[in-house]
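The values are calculated or read from the model by the stated rules, or taken from the named source; none is laboratory data. Just so it is clear, the structure is predicted and the values come from calculations on it, not from any experiment. Heads up, the Cβs are rebuilt from the backbone with ideal geometry, glycines too, and the neighbour counts pull from every protein chain shown. The accessibility values were calculated without ligands, DNA or RNA, using every heavy atom of the protein model including side chains. Shrake-Rupley method; radii C 1.70, N 1.55, O 1.52, S 1.80 Å.
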Amino acid sequence: MHRVGSAGNTSNSTRPRKEKRLTYVLNDSDNTKHCAGINCLAVLKTPPPDSCDYLFTGSRDGTLKRWALGEDEASCSGTFESHIDWVNDCVLAGNTLVSCSSDTTLKTWNCLSDGTCTRTLRQHSDYVICLAAAEKNSNIIASGGLGGEVFIWDIEAALYPTARSAETVEDEGSNGIIISGNSGMPMSSLRSINSNSNVAAQNTISHGYSPIAAKGHKESVYALAMSDSGSLLVSGGTEKVIRVWDPRTGSKNMKLRGHTDNIRALLLDSTGRYCLSGSSDSMIRLWDLGQQRCVHSYAVHTDSVWALASTPTFSHVYSGGRDLSLYLTDLSTRESLLLCTKEHPILQMALQDDSIWVATTDSSVHRWPAEGRNPQKAFQKGGSFLAGNLSFTRARACLEGSTPVPVYREPSLTVPGIPGIVQHEILNDRRHVLTKDTAGSVKLWEITKGIVVKDYGQVSFEEKKEELFEMVSIPAWFTMDTRLGSLSVHLDTPQCFSAEMYAVDLNVSGASEDQKINLAQETLRGLLAHWLAKRRQRPGSHASVNGDVSLGKDASVRNLGHSRVDVDDVGENYGMVLSSFEFSTLSPPSIITEGSQGGPWRKKITDLDGTEDEKDLPRWCLDCILNGQMPPRENTKCSFYLHPCEGSNAQVLTQGKLSAPRILRIHKVVNYVMEKLVLDKPLDGGNTDGTFGLGGLGGGPLQLPSIEDGSFRQGLKPWQKLKPSIEILCNNQVLSPEMSLATVKAYIWKKPEDLVLNYRVVQTR
């Protein structure tokens, strides 16, 4: 997952501070669609006069989307973007949408808003996997995750944790949340924006609301369910037992045993008496909580049961899972019906009137007929079978060829997604990446612009990779993954500043031959160009970007000191973005990062409003963008020896090592040799005998002479026209004049020792 770098040192730590990472996620041209599997669904019915149904989807691409549902269509009416990892579950609590993620947070949103996160809740120590809501008490939700923690939240109290007091200063931030002072509320590990932040560390104390902890799980929690009134909570996970809680106190009521593998799905009826569970043991079980026992077992599936949904009367259950099948089962008669089969495992379901929405590991969502209000209509279509009560019965029936035939062949409505990227290869030029998606399409991306430059269609990925191979060596200035179904490019300082190119190679008009471009610096300028333009307007508001609440008096912004430069003071052309680093505003990338305060956040570059500063963005980014400062860089030079070829009569120019930029072209070495041989005028620092002084006596350190880009004389003719002609060799192989020293060392020399180059004079025509 994308765990953003740690927040830094504490006062007692002697370890060097780890700088925070900046990641940018490249979006495809159609931002209204998901590009990874759908983990969760929620349906909202709005009262008149709107009377529109909405579907909310949460995806492994890290976003949630709102779909306005029509009879035969669904249109994307909002994208909720702030999580930095998979969205694992979402529930509706009144008009508040609550989501949880593998980034260890819960987030709240106004479900009918423009997608602004109103609050980030940080309490879990690991991935948050599941949520449960009380239908008749919209304030109460529960969360569970891989850390074995279960928390019960009062959403209203969590959104507004501080009360008005004489010392409270309230202001409304740009995202509509309340920014409050310290009102003396209980201490909590719910981090606010003025806390030292780290996505993995949860020991920061801030003033605010503290949820109720239901303690008892020793292992991961995968499933939760809550009664309508919020008076009963059930949980299950890798311990294979169902725990029953009083969510008002967090106390345990009972444990239910019977499953033989992980519990993956739970349902409670409206009264809280009956519980349904689905497990990786392929079984569905019905529990009577009053009797504290399992009253029925249903062997319907041939593999893990991952999703359950019940009719309003709790008389029938819809189930899906790893066997790609959606079944409808009558809980009283045990009659089961295969409604449909999918191409991907089923992760979650949500009923909408007589239809059911099905989410899978695919990026598309499908609506199927379900007869939810009168499920007996479905059974009238025939093809039902009697569910067994032992897990092997369905598997044995499947092997014997009695697999049921699905009632429905096609969904009634599909909300299409786009294929997610599943394979990638960074090309040697470190600016292009070859990808392959779930549909088999191979594309070439230019990551410094965030665009697809070539769509090759369904071709061999390996063959295309070989075809695009270039013998060129550029330092690895970024890392990359495709966990979110798209390309996530990670920039870490100081490594990201290690790569340079000549401006002429980037087709920069008017650039001199020796002008260098730092790839990371120009990429950051391109990413933050919109932010920089907005910053010129200097709006006064400094609101949190991810819904964390700042605490009034304690939220003073630390000044950047000497590294802080106002945009107006920067050179007139400094904010200009080179064409090779201009990112699209039609499908803008999203930034994932964090600053000195609050936690990590995610936003599209076009949604940055210019108020983000060092509390939101890494300081090294601000230093780079605002005043061109970059950290000291290592390994930008290449040391090498330059000797005449064996048996050659060419003059010995130097016995010592030379030093030059890694990107120096071989034709510059040719010019250097030519100047020494033909003009017989050594460069500054050389001796009249053609050799270089190698430092002081007594074993002192060698002072390496340096060949810089402009070290050859300006009056010299271009290398192609020089007579006699000089060839540079390495390992007895003649080098192309356009090769760089780094390329020669990586592909020709292939040794860790200093590079050895040879030169010889050749006859010209």
Considering only the range 443-527, give the strands (runs of 3 or more DSSP E) lying wholly within it that have at least 3 residues that are more than 17 Å from P589 (Cβ to Cβ).
451-457, 500-502, 516-518
Can you report the number of residues in the range 6-42 which are modelled with pLDDT of 85 or more and open to solvent by less than 40 Å² (accessible area, probe 1.4 Å)?
16
From the list S59, S82, S102, S138, which one is touching a helix residue (DSSP H, G or I) at 6+ places or on another chain (Cβ under 8 Å) and touching a residue at least 40 places away in the same chain (Cβ under 8 Å)?
S138
Filter the range 281-295 down to residues that are buried (at least 17 other Cβ atoms within 10 Å of the Cβ) and either over 18 Å from A387 (Cβ atoms) or in contact (Cβ under 8 Å) with a residue 40 or more places away in the chain (or both), then give me how many there are.
7
Considering only residues that are within 17 Å of S332 (Cα to Cα) and part of a strand (DSSP E or B), which ones fall in the range 279-302?
I284, R285, L286, W287, D288, R293, C294, V295, H296, S297, Y298, A299
If I ask for residues that are at pLDDT below 85 and buried (at least 16 other Cβ atoms within 10 Å of the Cβ), which ones from the range 567-590 would you list?
V567, G575
Quick check on the range 616-630: of everything there that is open to solvent by 10 Å² or more (accessible area, probe 1.4 Å) and not in a helix (DSSP H, G or I), which residue is farthest from Q495 (Cα to Cα)?
G628
Select from the range 308-331 the residues that are closer than 17 Å to N39 by Cα and open to solvent by 30 Å² or more (accessible area, probe 1.4 Å) and list them in ascending order.
R322, L324
Being modelled with pLDDT of 90 or more, open to solvent by 20 Å² or more (accessible area, probe 1.4 Å) and either of a type in the set (V, I, T) or closer than 19 Å to L55 by Cβ (or both) is the requirement here; does T361 meet it?
yes
Could you tell me whether any residue of the range 401-412 is among the aromatic types (F, W, Y), more than 24 Å from H34 (Cα to Cα), open to solvent by less than 60 Å² (accessible area, probe 1.4 Å) and in contact with a Cys (Cβ under 8 Å, 6 or more places away or on another chain)?
yes
Among the numbered conditions (1) closer than 27 Å to V577 by Cβ; (2) open to solvent by 40 Å² or more (accessible area, probe 1.4 Å), tell me where T448 comes up short.
(2)
Output the strands (runs of 3 or more DSSP E) that fall wholly within the range 209-249 and possess 1 or more residues being touching a Pro at 6+ places or on another chain (Cβ under 8 Å), closer than 12 Å to V150 by Cβ and among the polar types (S, T, N, Q), or say none.
none
Condition test on D554, is it under 23 Å from Q537 (Cβ atoms), open to solvent by 40 Å² or more (accessible area, probe 1.4 Å), modelled with pLDDT under 90 and not in a loop (DSSP other than H, G, I, E, B)?
no
For the range 55-78, which residues satisfy the criterion of being open to solvent by less than 40 Å² (accessible area, probe 1.4 Å) and in a loop (DSSP other than H, G, I, E, B)?
D61, G62, G70
Scan the range 609-657 residue by residue and report those that are among the small types (G, A, S), at pLDDT below 85 and under 21 Å from Q733 (Cα atoms).
G647, S648, A650
Result of the Cβ filter at 7 Å on the range 745-757, keeping first residues that are without any contact (Cβ under 8 Å) to a residue 24 or more places away in the chain and partners that are of a type in the set (S, T, N, Q) and not in a helix (DSSP H, G or I), at least 6 apart or interchain, is I748/N731; I748/Q733; W749/N731
Subset of the range 341-350 [modelled with pLDDT of 95 or more and either small (G, A, S) or part of a strand (DSSP E or B) (or both)]:
I346, L347, Q348, M349, A350
